[in-house]
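See below for the structure under consideration.
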Amino acid sequence: MPRPWTAAVLAAAVAGTVAACSTSAPATVDPTDSPTRALTAAPAPSETLLPDDEATASAVGRLADGFPSALLPVPAGAEVLVSSVHPVDGSDLLDVSLNLRTEQDAAGLLDALRGPLVAAGFSESSPPAPEPGLAAQSTFSRGDGSELLVVGILDRDGVRTLTLGGQVRPTTA
């Protein structure tokens, strides 16, 4: 037969544990220490999403000012969707990106970029097969590898969309 005080102690302990663990009130966290608050803060009305650096250029529907078009020409008949160029801090490199659309086939489109890049001393490296969803994919590098461009071509409904991004030196020499 159990001792009466043992049953009472157990009952009190269980009741205290259940009371401490069960509540219908939501947990609260001090919002000033919450990382969610920092991530969801609304931008100030005067805040811009573009860098303040005047050397940075982005453009919709055309090549951005300073874009190295001699090295990365827009293939004939292609429509520039968006482009950007900006200097990489602490180096002589430019960060470049280019998105364009064309009806030219994927192989011809890649050839149009390959010619000037190889002529400028870039080496090409293509994966055995493009990533799923891409019609073509290639990487071009020059020198010590600090100049690197990645190209992907999406083929959808008879239209190709090319995305190019990476870092190059502003001169082609």
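The values are calculated or read from the model by the stated rules, or taken from the named source; none is laboratory data. The model shown is predicted, which means the values in this text are computed figures rather than measured ones. We place every Cβ from the backbone using ideal geometry, glycine too, and count neighbours over all the protein chains shown. Note: accessible area is taken over every heavy atom of the protein model, side chains too, but ligands, DNA and RNA are not part of it. Shrake-Rupley method; radii C 1.70, N 1.55, O 1.52, S 1.80 Å.
Looking for something modelled with pLDDT of 95 or more, open to solvent by less than 30 Å² (accessible area, probe 1.4 Å) and not charged (D, E, K, R) - is there at least one such residue anywhere in region 126-136?
No, the conditions are met nowhere in region 126-136.
Any chance you could count how many residues in region 148-160 are open to solvent by less than 60 Å² (accessible area, probe 1.4 Å), more than 18 Å from PHE67 (Cβ to Cβ) and in a strand (DSSP E or B)?
Of the residues in region 148-160, 5 are open to solvent by less than 60 Å² (accessible area, probe 1.4 Å), more than 18 Å from PHE67 (Cβ to Cβ) and in a strand (DSSP E or B).
Please work out if LEU81 is within 24 Å of the chain's Cα centre (by Cα) and either part of a loop (DSSP other than H, G, I, E, B) or buried (at least 17 other Cβ atoms within 10 Å of the Cβ) (or both).
Spelling it out, it is not the case that LEU81 is within 24 Å of the chain's Cα centre (by Cα) and either part of a loop (DSSP other than H, G, I, E, B) or buried (at least 17 other Cβ atoms within 10 Å of the Cβ) (or both).
Out of GLY133, GLY121, GLY145, which single residue is touching a Lys or Arg at 6+ places or on another chain (Cβ under 7 Å) and in a loop (DSSP other than H, G, I, E, B)?
GLY121
Take region 138-171 and flag every residue that is among the hydrophobic types (A, V, I, L, M, F, W, C) and farther than 18 Å from PRO116 by Cα.
Scanning region 138-171 gives LEU154, VAL159.
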